[in-house]
Structure formats: C-alpha cells, structure tokens
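Undergrad: Sharing a structure, written as structure tokens. Questions coming.
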Amino acid sequence: MHASLASGQIDICLIHEVSFNLHGPHGVLSHLKYLIETKGSAVICVAEGARQNFIQKTNAKDASGNIVFGDFGVHIQQEVGGCILTNFMWSSSLHDS
C-alpha cells in the first residue's frame, strides 16, 4: 500500500486490511466509473489477500506452510469487464435515441 501511495500512479489500492464494497454508490466500481469518465483511465492495485470472501478457498499452503490466497485480481477483472460493458451499452443506447 505504501508503495502504491508513494508512486502517485495508482488510483485505487485494494488491500485485505481494509474492507471495501465493489458495488453501490460508494463502491469500487462506482469510483472506477467516475475516474474513467473524468481522467479517461484508472490504475487498480490489488494486494495479495484482498477480499478473500469473494474467492473459493483452496486450503492450499506454500512450501513454508503459509496460506495460498485465491486470486481476487481475476474476480475484479470480471466485475470491471461486466461493469464497463453494461455502462457502454447503457450510454450507447442513450446516444441512439
């Protein structure tokens, strides 16, 4: 998180120590939409272990016996893709009328 903040390049940093919502008026996807509309792009940093309650647990451990976390990055990628597609279709239909 500190490296993300220090870089000045990260718009959204998701870490497991801070709870967040993907959906809703104060959710990550809403903020992402705002960033894309105002800046034209956004960079999301997802830390290992972020939002594991969205991911199927594997109970896997690495060679040192540490828990291997699921890949939340894949989950958020699918959510963002769906959000962008929905918003694109919604905004396109407004321009067609």
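Computed from the coordinates by the stated procedures, all read-outs in this text should not be read as laboratory data. On a predicted model such as this, the values are computed, not experimentally measured, just so you know. All Cβ positions, even for glycine, are placed from backbone atoms using ideal geometry, and neighbour counts span all protein chains on display.
Undergrad: List the aspartates and glutamates whose Cα sits under 16 Å from the Cα of residue 61, skipping any in the same chain fewer than 8 residues away.
TA: Partners within reach: 48, 71.
Undergrad: Packing-wise, with mean Cβ within 10 Å as the measure, how do 20-28, 62-70 rank, highest first?
TA: 20-28, 62-70
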